[in-house]
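**Q** Take this structure first; my questions come after.
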Amino acid sequence: MQKRRRRLWKAVVMAVVLALVLPVAAFAASEDAGAAGQPALFATFWALVPPIVAIVLALITKEVYSSLFIGILVGGIFYSGFSFEGTLNHIVEGGFVSVLSDSYNVGIIIFLVILGAMVAMMNRAGGSAAFGRWASKRIKSRIGAQLATIVLGVLIFIDDYFNCLTVGSVMRPVTDKHQVSRAKLAYLIDATAAPVCIIAPISSWAAAVSGFVEGEDGLALFIKAIPYNFYALFTILMMILIAVMKVDYGPMALHEANALKGDLFTTKNQVYKEASVEGANAKGRVIDLVLPIIVLIICCIIGMIYSGGFFSGVDFVTAFSQSDASVGLVLGSLVAFIITIIYYMIRRVLSFSDCMSALPEGFKAMVPAVLILTMAWTLKAMTDSLGAAEFVEEAMKASAQEFMMFLPAIIFLVGCGLAFATGTSWGTFGILIPIVVGVFENSDPTLMVISVSACMAGAVCGDHCSPISDTTIMASAGAQCDHVNHVTTQLPYAITIAAISFVTYIIAGFVKTAFIALPVGALLVFGFLLLMKYMQKRKA
C-alpha cells in the first residue's frame, strides 16, 4: 500500500511540475517568432522534451499508455504555443490521423495482426504444445532454453519485427516449461533482434543504412563497419555469458527468482496471462508449428525482394537494399497465412471456421502492442514537428571538427540519446550518417567507418533502452510480457553494454583498429559479469 502511495505521489509531483514549468517555457519561447510555418520552439532543446517526459513518467508510474499520451500532449502544447485549439488539432491531425494513414505504419499493424492470427492457429492446432513437448525432451535446463532462444534469434536475422514475434511464438512454451521469466525472454528476444540485424549484411537494417549513405558504396561501408559495431557484438556476448554463468542483476534478478518459484510475470498487471494458456489439440505435431514458421520465413524473404524489384530484373542484393520492409512483410505473411490455413485443413487438425476465428483472437492478442505502437509513432510525429532532427544535426556539425579522435564515442552517445528520446533507430541513422560521411569522406576513411559504426551502435542502443521504441514494444508482444517490466529489467543490461561500448569507441578512435578495441571490450564484459557473480554469491 505504501509503495502504491509513493508511486502516486511521484506521479502527482511530476504532473504538477509539468503543469507549472512547461507552459512557462512555451510562453517564454513564443516571444521569438519562428520561421514561417514553424513553431517558435523549432530546432531547440525543447524538441526533445516531449519524449523525455513520456519516458520518465513511464519509468516512475509503470503505466505506459497515460505516459505516452502526456508526452504527446506536451508536444502538441509546444507546437501550438499553448493554444487549446492548436494543440488538439496538431495531436489529432498531425499525430494520430497522420501516423495511422501512413502506409508503412499500416503495413506493420497488418503484419502484427496476421502474425497474431497465425500464432493463434498454431496454438489451436496443437503445434506449439507439441513443440514444447518435443523441445522439453531435448532441452533439459534453463541454460539450454535460453541458449536455444539466442540461437533462434541469431538465425532469424532478416528483420527485427519478424524476429521478435517469431522467436517469441516458438520459444515461449519452452522457456515457460523451464521457468525462465517472461522479462528474461523479452530481453533475449530484444537483444537478438536489432543487434543481430545491424550486423547482418542481408537484412532490412542493412538496406536502410545503405540507403542513407550518399556518395559511397553503402553495403561495402556497412560490411566494413561490422567489427566496430561494439554494442551489437557485446550485447550478443553478454546474453550468452549471462545464460551460461547463471548471473542476473538489477530488477531482472527478482523476476528470475520469482520465475523459479512459479511466477513468470512478477506483476499484478498480467495482461498476457490468459493468452499463455493454450488449448492443445491431440492431433497436433511438431510439424504443425515448424512448417508454418518455415513457410512464413520463406514468404517474407520473397515478399521483401519482390518489393525491391527482384522479379523485375534487379539483382538480389540491390533488391534487398531497396526493399520496403512493411510491404514485403505484409505480402509474405498474408501468403503464409493462406498456405497455413490450407495445410491445417488438409491435415484435418483445424476446420476453416476454426482458422477464421483465429483472426479476431490474434488481433486481440496484439491489441496492447498496436496501442503502444500507435502512441509511440504519434509521439515521434510530435518530436519531428518540433525539429528534433535539425537541432541534433546543428549540434553535431558545430562540434565535429573539434574532437576528431573522440568523435566515434561522441557520436555513439548522441545516437543513444536521440534514439532513446525518439524511439527510432532508422530515424537516427538518417540524421547522423550523412553528417559523418560528409565530415570524414575526404579526410580519414578509417575514422569514417568507425564513426558510421558508432552511429549504428548508438542508434541500436538507444532504441534498445527506449520504452517508446517499436522494436522494444514488439519484443514485449513476442514474449507476452508486460511492457514496462521488459523496459525496467532490460535497462541495466543495456546501460552496462553502452558504458563498455563508449570506452571501446574512445580506444578505437585512437588505435583505429578493431583488433585491439574489440578484445578489450570483450574482457570488460566478462570481467563485469564476474564481479556481478561474486556480489551475487556474497548476498546469498
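The values are calculated or read from the model by the stated rules, or taken from the named source; none is laboratory data. Predicted, not measured: the structure shown is a model, and the values here were computed from it. Cβ coordinates were reconstructed from backbone atoms using ideal geometry, including for glycine residues, and neighbour counts include every protein chain displayed. Please note that ligands, DNA and RNA were not included when accessible areas were found on the heavy atoms of the full protein model with its side chains. Shrake-Rupley method; radii C 1.70, N 1.55, O 1.52, S 1.80 Å.
**Q** Below 12 angstrom from the Cβ of His255, what's the summed charge of the other residues (Lys, Arg +1; Asp, Glu -1)?
**A** -1
**Q** Still on this structure, please answer the following. Determine the sum of side-chain charges near Thr489: Lys and Arg each +1, Asp and Glu each -1, restricted to other residues whose C-beta is under 15 angstrom from that of Thr489.
**A** -2
**Q** How high is the relative contact order of segment 443-540, in percent, with contacts defined as C-alpha pairs under 8 Å that are six or more residues apart?
**A** 23 percent
**Q** Right, something else. What accessible area per residue, rounded to a whole number of Å², is obtained for segment 115-208 using a probe radius of 1.4 Å?
**A** Normalised by residue count, the accessible surface of segment 115-208 is 24 Å².
**Q** Further question on the same structure: Can you work out the Karplus-derived ³J(HN,Hα) for every residue in segment 249-255? Use 6.51 cos²θ - 1.76 cosθ + 1.60 with θ = phi - 60°, whole Hz, and x for glycine or proline.
**A** 8, x, x, 4, 4, 5, 4
**Q** For a test of the definition: using alpha carbon positions, the gyration tensor, and the 1.5 limit on a/c, classify segment 290-395 as rounded, prolate or oblate.
**A** oblate
**Q** Then there's this: Residue by residue through segment 527-532, which ³J(HN,Hα) values in whole Hz follow from phi under the Karplus form 6.51 cos²θ - 1.76 cosθ + 1.60 (θ = phi - 60°), with glycine and proline marked x?
**A** My calculation for segment 527-532 gives x, 5, 5, 4, 5, 4 Hz in order.
**Q** Something else: What is the P(r) of segment 76-174, as percent of Cα-Cα pairs per 10 Å bin from 0?
**A** Computed distribution, short to long bins: 14, 28, 23, 15, 14, 6, 0.
**Q** Below 11 angstrom from the Cβ of Tyr344, what's the summed charge of the other residues (Lys, Arg +1; Asp, Glu -1)?
**A** +2
**Q** In whole Hz, what ³J(HN,Hα) sequence does segment 189-201 give by Karplus (6.51, -1.76, 1.60; θ = phi - 60°), x for Gly and Pro?
**A** Per-residue couplings from phi come out as 5, 5, 7, 10, 9, 4, x, 7, 4, 7, 10, 9, x Hz.
**Q** Related question: State, as an integer percentage, the relative contact order of segment 70-181 based on alpha-carbon contacts under 8 Å between residues 6 or more apart.
**A** For segment 70-181, the relative contact order is 19 percent.
**Q** Quickly work out the Leu531-to-Ile294 label distance, labels modelled 7 Å from Cα along the C-beta direction, and quote it in nm with one decimal.
**A** Inter-label distance under the simple model: 4.7 nm.
**Q** At a 10 angstrom cut-off on C-beta neighbours, averaged per residue, how do the peptides 166-178, 476-488, 364-376 rank from highest to lowest?
**A** With the highest mean Cβ count within 10 Å placed first, the list reads 476-488, 166-178, 364-376.
**Q** Estimate the FRET efficiency between Val314 and Met405 by the formula 1/(1 + (r/R0)^6), using the beta-carbon distance for r and 30 Å for R0, to the nearest 0.05.
**A** 0.15
**Q** What number results when the radius of gyration of segment 404-540, computed over Cα atoms, is divided by 2.2 N^0.38 Å?
**A** 1.16
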